[in-house]
Amino acid sequence: PIVDNGVSGLVLERRTSDGANVKAIATLPFGDQRFVSIGHVIVMADPQRGSGVIVDPTTGEVTELAPFTKAVPQQADGSGALLLCGEFELAILGEQDTLPQVVTRVSKPLVDCAWHPDGTYVFYATTKDVTAIEIDPRDHRNTYHIADFDSIDAMVVDSTTKTLRFLGVIGTQKGLFERPL
């Protein structure tokens, strides 16, 4: 898929390799759209606006993902499921899903989210703490409190070293903190 500027928005197009055959799939709102393909749908995320859309390429149907600001692939190559991080909600869009499946809703705004390297848990950070939550919905989702901070600015998981790193403040200590997984 290719995105071109149109009169009323960005036009998502499918083209043949030589560019001769062009088919418009959908028209999207103007913005800084990033393309992510997942299974049989296409996700276009606009991190500047904190929104996104799911496009069904066969029908051209566009579904808004307004509350989601970040899409994190499960695998480095982008395959698998997407973790969608909204202001107060975490959701997963799997390869067979047409709409995101909610993992949890929280009462404090989310700062960041990330997959655990084994793909069975996700981490989320609020402005004060980091939590891990199991994605297997059978029975109930187990949650684990990972850390408390005075403030958290960002979080990332290093899959190679299996380390959780976060930027924040604890008392008078400000900097990059890490925790082995």
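Out of region 71-151, which GluC sites (Glu not before Pro) are coil in DSSP terms and have no more than 16 other C-beta atoms within 10 Å?
Values: sites: GLU87, GLU89, GLU95, GLU134; in loops: GLU87, GLU95.
Answer by residue number: GLU87, GLU95.
Sparsely packed loop sites in region 105-181 (the chymotrypsin sites (Phe, Trp or Tyr not before Pro) outside DSSP H, G, I, E and B with at most 16 other Cβ atoms within 10 Å) do not occur. Measuring with a 1.4 angstrom probe and ignoring ligands and nucleic acids, HIS116 comes out at about 40 Å² accessible. Inter-label distance, THR143 to THR161: 2.9 nm, where each label sits 7 Å from its Cα along the C-beta direction. Taking trypsin sites (Lys or Arg not before Pro) across region 76-181, the ones in a DSSP loop with at most 11 further Cβ atoms lying within 10 angstrom of their Cβ are ARG138.
The values are calculated or read from the model by the stated rules, or taken from the named source; none is laboratory data. As the structure is a prediction and not an experimental result, all values here were calculated from the model. Positions of Cβ are generated from backbone atoms using ideal geometry, with glycine treated the same way; all protein chains shown enter the neighbour counts. These accessible areas exclude ligands, DNA and RNA; they are computed on the full protein's heavy atoms, side chains included. Shrake-Rupley method; radii C 1.70, N 1.55, O 1.52, S 1.80 Å.
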